[in-house]
Amino acid sequence: AQSVSQHNHHVILSEAASLELGCNYSYGGTVNLFWYVQYPGQHLQLLLKYFSGDPLVKGIKGFEAEFIKSKFSFNLRKPSVQWSDTAEYFCAVNARNTNAGKSTFGDGTTLTVKP
Amino acid sequence: DAGVTQSPTHLIKTRGQQVTLRCSPKSGHDTVSWYQQALGQGPQFIFQYYEEEERQRGNFPDRFSGHQYPNYSSELNVNALLLGDSALYLCASSEIGGSAREKLFFGSGTQLSVL
């Protein structure tokens, strides 16, 4: 069975600070990896995804994530956060031979950016 | 272009009752997945419907059932409600083929409270 761990439950940063949110997964096979974001009052939306190739992937709004296979990690980063990045962030994984419909999510990290 | 719509937005039931939640997928999408998100946790996969059949299922009891109609809309039914069924129920749609298959579009969810 798959599992996803997000070790930071709540992160508080000041604007312009750098961000790194941790995500580790457990699964014996090949996986697809995702980060979703939920802004206050909005629905979940895809931030970025990794299927294969370059382990450093770039998403919307300046976010990027790096897949480190040996560490089973897919950490999310942003060099300089903005107040508008305040949101809840979810890491998700699914098996390569399925589709995103059957994804396993972490419990999320709430990011609060102080202006 | 309408996104994923869910109804109702909020629902209050008592233990032992039955509930039906509804979802209309994003235009052009034919696959619907249902998730349960308990407070403070990430979404947990319930099941997925494609071509009016349940294609994949997570670790949920048979009290959770669903249906998909020819227009791709879907219902989630929960029988014999328990207090622990209180959660946000999310619907996500996707295309079954092509690169878009990996991208999920989420609705805003139905908040179910069981008293």
Checklist entry - So which cysteines of the protein assembly as shown have no other cysteine's Cβ under 4.7 Å from theirs? => result none
Checklist entry - Taking the Cα centre of the protein assembly as shown as the origin, how large is its charge dipole in debye, to the nearest 20, when only Lys and Arg (+1) and Asp and Glu (-1) carry charge on their Cβ atoms? => result 300 debye
Item to check | Threshold 10 Å² - residues in the range B:4-47 whose accessible area is reduced by that much or more when the chain is no longer isolated, probe 1.4 Å | outcome: B:35, B:37, B:40, B:41, B:42, B:43, B:45
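Which value results when the Cα radius of gyration for chain A is divided by 2.2 N^0.38 Å?
Against the empirical 2.2 N^0.38 Å value, I get 1.01 for chain A.
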Item to check | Accessible area buried between chains A and B, both sides summed, probe 1.4 Å, in Å² to nearest 100 | outcome: 1600 Å²
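When Rg is the radius of gyration of the Cα atoms in the protein assembly as shown and Rh is its Kirkwood radius, what does Rg/Rh come to? Numbers along the way, then the final one.
On the way: Rg = 17.5 Å, Rh = 18.1 Å.
Ratio value, two decimals: 0.97.
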Checklist outcome for this item: The answer for the protein assembly as shown, accessible area per residue at 1.4 Å probe in Å², is 47 Å²
Checklist entry - Can you count the Lys pairs in chain A with C-alpha separation below 20 Å, eight or more apart or on different chains? => result 12
Checklist outcome for this item: Within 10 Å of the Cβ of an average residue in A:107-113, the count of other chain Cβ atoms is 2
Next on the checklist: Can you say what percent of the DSSP beta bridges in chain A, counting only those with both residues inside, are antiparallel? Round to 5.
Outcome noted: 85 percent
Checklist entry - Expressed as a whole percentage, what fraction of the accessible surface of the protein assembly as shown belongs to carbon and sulfur atoms when a 1.4 Å probe is rolled over the protein heavy atoms? => result 49 percent
Item to check | Debye, to nearest 20: dipole size of chain A, +1 on Lys, Arg Cβ, -1 on Asp, Glu Cβ | outcome: 260 debye
Checklist entry - Any residues in the range B:48-96 that have 20 Å² or more less accessible area with all protein chains than in their chain alone, probe 1.4 Å, and which are they? => result B:48, B:56
Next on the checklist: Between the range A:38-74 and the range B:8-83, what is the separation of their alpha carbon centroids in Å?
Outcome noted: 26 Å
Next on the checklist: Once the cut-off is 24 Å, how many percent of the Cα-Cα pairs in chain B end up in the long-distance tail?
Outcome noted: 19 percent
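The values are calculated or read from the model by the stated rules, or taken from the named source; none is laboratory data. All values derive from a computational prediction rather than experimental measurement. Please note: Cβ atoms are built from the backbone with ideal geometry, for glycine as well, and neighbour counts cover all protein chains shown. We work out accessible area using only protein heavy atoms, side chains counted, and drop any ligands, DNA or RNA first. Shrake-Rupley method; radii C 1.70, N 1.55, O 1.52, S 1.80 Å.
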